[in-house]
Each structure stands twice: as structure tokens, then as C-alpha cells.
Amino acid sequence: MAFGVYSLLEAAVLCLNAVCVLNEERFLSKLPGWGGSHVQGFGEEPGIKTQIFHFIRSVKTVMKYPLIPLNICIILFKLIFG
Amino acid sequence: MDYSMSGARKSRLGQQVRGRKPAGGESRGPGDGTTMYDPQYQQQYDIYGQPVPQQGGPQPQLFEDTSGQAYNNYGNQGYGGGVDYGYPNTRQGGQQGQQAYGAYPGNMPGPQIFQDPMVANMAMQYGQSLASQGREYMDKKIEKYVSTSQIKYYFAVDTHYVMKKLQLLLFPYTHTDWSVRYEQDTPVQPRHEVNAPDLYIPLMAVVTYILVAGLCLGLQKSCVTGDCPELLHRFSPDVLGMQASSALVWLVLEIFIILATLYVTAIQTHIKTLDLLAFSSYKYVGMIVSLLAGLVMDSLGYYGVLAYCSLSLVVFMFRTLRWQVQGSGGTMEAYSVGNKRRLYLLLFMSGLQPLMMWWLTHHLVA
């Protein structure tokens with residue numbers, strides 16, 4: 001049962017953390033299909049796997065730096081207000 | 001009626017006009033718009049036939065008689081003149097504003113000046129121009145974040161549409177034509193097209209759901225702590241706020257999941273985010289009906305009506321979204337991969353609805 005908007009924010013930050021923490025060289029490179037944006041034709045639909053990999057890569061690129069102050073804020077909030 | 005300055009003057013020919021009080025002994029003709037001075041009774045009347053309060057003693061004529069022009073300053077001096085009684089012997093010079101003060105000695109232009117049609121007209125125009133300026137400013141500011149013209153499309157509904165749509169939500173089995181008419185790439189407004197999504201019903205449904213949830217909680221008693229001398233109602237005012245925010249949160253989550261699914265499966269649709277918001281919120285109508293049935297007959301009524309509403313909503317969503325997700329025409333397209341994905345997406349979206357309906361209401365029915 002969701003409790004409110006703050007819970008949604010916390011859940012979102014936690015999920016983004018989970019995506020950004022995936023290590024590139026130890027884990028993601030080992031996945032089959034990870035390097036592949038060159039194997040796809042033009043008119044075809046991209047497979048689900050490539051879409052997910054695109055998604056992960058873009059989230060990591062975009063959210064890596066903004067997540068640091070967001071996490072700090074939430075930690076401070078939890079420390080002060082419990 | 002002619003409200004121009006000259007017209008006002010003309011129409012007041014021969015009438016008593018609020019104007020400067022002439023000094024003692026002088027009488028002015030009616031054509032120049034001063035107050036009528038009745039030398040016999042030492043009394044002056046303004047345009048309403050009310051006696052203008054006299055001020056002590058004769059006062060010197062200091063100004064040109066420009067009562068017609070004094071009407072120019074009505075809007076401005078309505079406030080200034082209200083403060084200052086405008087004794088003419090304290091004002092010198094021929095300035096318009098001061099003439100206006102001097103023109104109404106001892107007579108505060110109180111609220112009855114708005115009965116004067118010219119003043120009312122001017123005040124109305126001034127107020128209207130202010131309001132429209134404010135509205136344009138706000139529109140410009142808001143347009144950057146939320147496109148108001150798009151939202152206006154979703155609220156262009158009428159009673160007939162709302163009745164038809166509610167009927168469709170609860171009984172979609174006999175409706176045959178689910179296609180949406182388009183005009184130049186945008187769907188026709190909801191008031192002309194029953195199958196188009198709108199945001200009015202969802203908005204009303206969400207608010208009603210919150211109120212009905214409060215009602216359900218208020219009719220139940222429960223005991224939260226271990227031992228209570230008497231059972232407490234489960235309702236308190238902050239529960240309403242919690243229900244509202246949790247309903248919103250689940251809505252946002254559901255839309256996000258659907259958007260993510262749309263992205264990952266790379267389905268080409270022209271379904272917009274606001275459309276998704278509308279479709280996701282149609283389930284609140286079914287939820288309200290089930291909750292009310294659950295009030296009447298406890299669990300049996302609730303689950304029975306919930307099952308029926310879920311079925312109706314699934315059929316409604318499936319049939320409506322088949323047209324929206326398919327792209328143009330609604331016919332199955334050539335390559336089969338896209339079809340299968342679309343089908344799965346439709347089934348996923350439609351199947352998510354009963355689950356959400358149950359999840360959001362079962363805690364309200366004991």
C-alpha cells in the first residue's frame with residue numbers, strides 16, 4: 001500500500017540507484033548483445049534486449065551525477081526526521 | 001443609450017446633473033450640466049433628485065465649468081475623490097483632476113456612482129482589460145510546463161458524451177463501432193466522438209473515489225491498538241489525504257509502467273501520455289460502483305460487482321485500445337512481430353485494470 005508522494009520519490013531513487021550501480025566492465029560487458037547498436041537494420045524493429053540495453057545505458061549516462069545529491073538529501077532526511 | 005461624453009451631456013440636457021455648486025446667487029442654465037440651483041430653497045439636487053449637501057456659505061467660483069469633462073476622471077477620481085471632500089476653495093488652478101475634485105464638493109462619490117451607466121461601463125471595461133491581461137500572462141507562464149491547449153481538448157465534453165461514456169464503461173457489449181474519427185491528424189473533440197478519451201470523467205471519478213473511500217472508512221469501526229474500550233471509526237480527516245496521495249501514486253506508477261513497456265517493445269503508436277492517463281483512470285468509475293455495492297451488501301456485493309465491472313472494463317479497454325494502439329485504420333498490419341507485441345501490450349494493459357481495481361479497494365471493504 002503506497003503511502004504518498006515521498007514514498008514514490010524514494011522508490012524511484014532506489015530503482016535508479018539499482019540501475020546505475022550495475023558495473024560496466026564486470027557485469028554488463030559479459031552479457032550477450034551488450035555492445036550491439038551496429039547490428040540492427042534501419043526499418044526493422046529493435047529487439048527487446050537491445051531496447052533494454054539502450055535504456056540501461058542511457059539511465060546510467062544521464063542519472064549518474066544527479067543521483068549523488070539526491071541520495072545525500074534522502075539520507076539526511078532520514079537521519080533527521082526518521 | 002449613447003454613452004459617449006457628448007451624448008451624456010446631450011441626454012442630460014435639462015436634467016439635474018451632479019456638478020459644481022455655483023456660488024451664491026448665480027444660476028446656471030441647464031445646458032452646461034451643473035447642478036440646478038434653486039434660489040428659492042437654497043437647495044441643490046444631483047442627478048438622482050437627491051439633495052446635495054450644502055456647505056456652509058457661498059464659495060467663490062474658481063473653475064471653468066467642465067462637468068462633462070469631469071466624467072473623464074470618474075474612474076480615476078472615484079477613489080481619490082472619495083477621500084477628499086474637494087472643497088473648491090482649497091483647490092487652485094485649472095487642472096482636470098482637481099477640477100473633478102472641485103466639481104463634487106462635499107459629495108463623496110460613494111457606491112452609487114456605479115449606478116451611473118457610463119461609470120459602470122467604464123469600470124467594467126477597465127476590469128475586463130485587467131482580467132484579460134492577467135489571464136494572458138498566466139497562460140504564457142503555464143504553457144511552458146503544461147500545454148493548456150492540449151488539456152482543453154480533453155475537457156471539451158458535454159452531458160450526452162458523459163452519459164454515453166459511463167454507459168459504455170459499465171456495459172460495452174452492445175457497442176459496435178469503436179473507431180475514432182480524426183480531422184487532420186488530431187482526434188475529433190470528445191463531445192462529437194464518443195470513442196475519444198477525455199479527462200473530465202477520470203478527474204471526477206478520482207475525486208469521487210476519494211470521497212467514497214472516506215465514506216466507507218467512516219462506516220466501519222475497528223480497533224487498531226490491542227484493547228480499546230470502544231471501537232473507533234477508521235475515518236479521520238487525514239485519511240482522506242492519504243487515500244488521495246496513494247491513489248495518485250498508483251496512477252503514476254501504472255502510467256510509468258505502461259510507458260516503459262511501450263518504449264521497450266518499441267511499438268509505434270500515436271497514443272499520447274494524456275490519453276494513457278485517461279484510460280488508466282477509467283477504472284475508478286468501476287471502483288466507485290463496487291465500493292457502493294459493498295456498502296449495501298458486504299463482501300458478496302463488493303466482489304460480485306467488482307467482477308462484473310472488471311469484465312466490462314477489460315472489454316472496454318481492449319476494444320478501445322485496439323484502435324488507438326494499432327495506428328491508422330485498426331486493421332492488422334503486415335509484419336507479424338509488431339502485431340504480437342501489440343496484442344500482448346493490449347492484454348497486459350487490460351489485465352492490469354482488474355488487479356489495480358481490487359488492490360485499491362479491498363482494504364476499504366472489511
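The values are calculated or read from the model by the stated rules, or taken from the named source; none is laboratory data. Note that this is a predicted model, so its numbers are computed, not measured. Note that each Cβ is placed from the backbone with ideal geometry, even for glycine, and that neighbours are counted across all protein chains shown. The accessibility values were calculated without ligands, DNA or RNA, using every heavy atom of the protein model including side chains. Shrake-Rupley method; radii C 1.70, N 1.55, O 1.52, S 1.80 Å.
Things worth noting here:
- Considering (1) free of Cβ contacts under 8 Å to residues at least 60 places away in the same chain; (2) surrounded by 10 or more Cβ atoms within 10 Å (Cβ to Cβ), the lone condition that B:LYS141 does not fulfil carries the number (2).
- Flag if B:ASP298 is out of contact with any helix residue (DSSP H, G or I) (no Cβ under 8 Å at 6 or more places or on another chain) and away from every other protein chain (no Cβ under 14 Å): yes
- Residues located in region B:159-186, provided they are surrounded by fewer than 15 Cβ atoms within 10 Å (Cβ to Cβ), in a loop (DSSP other than H, G, I, E, B) and hydrophobic (A, V, I, L, M, F, W, C): B:PHE171
- Taking first residues from region B:235-255 that are more than 8 Å from chain A (Cβ to nearest Cβ) and partners that are open to solvent by 60 Å² or more (accessible area, probe 1.4 Å), the Cβ contacts under 9 Å between residues at least 6 apart in sequence or on separate chains come to B:PHE235/B:LEU215; B:PHE235/B:LEU219; B:LEU240/B:LEU211; B:ALA244/B:VAL207; B:ILE255/B:THR273.
- Here B:VAL314 meets the list (1) over 34 Å from the mean Cα position of the chain (by Cα); (2) over 25 Å from B:SER147 (Cα atoms) almost entirely, failing just condition (1).
- Residue in region A:2-29 that is farthest from the other protein chains (Cβ to nearest Cβ), counting only those that are under 14 Å from the mean Cα position of the chain (by Cα) and open to solvent by 70 Å² or more (accessible area, probe 1.4 Å): A:GLU24
- Residue pairs meeting the criteria (Cβ under 9 Å; at least 6 apart or on separate chains; first more than 16 Å from B:LEU203 (Cβ to Cβ), in region B:145-167; second part of a helix (DSSP H, G or I)): B:SER149/B:GLU143
- Among the residues of region B:250-288, the ones that are buried (at least 19 other Cβ atoms within 10 Å of the Cβ) and either of a type in the set (Ser, Thr, Tyr) or on the phi > 0 side of the Ramachandran plot (or both) come to 5 in all.
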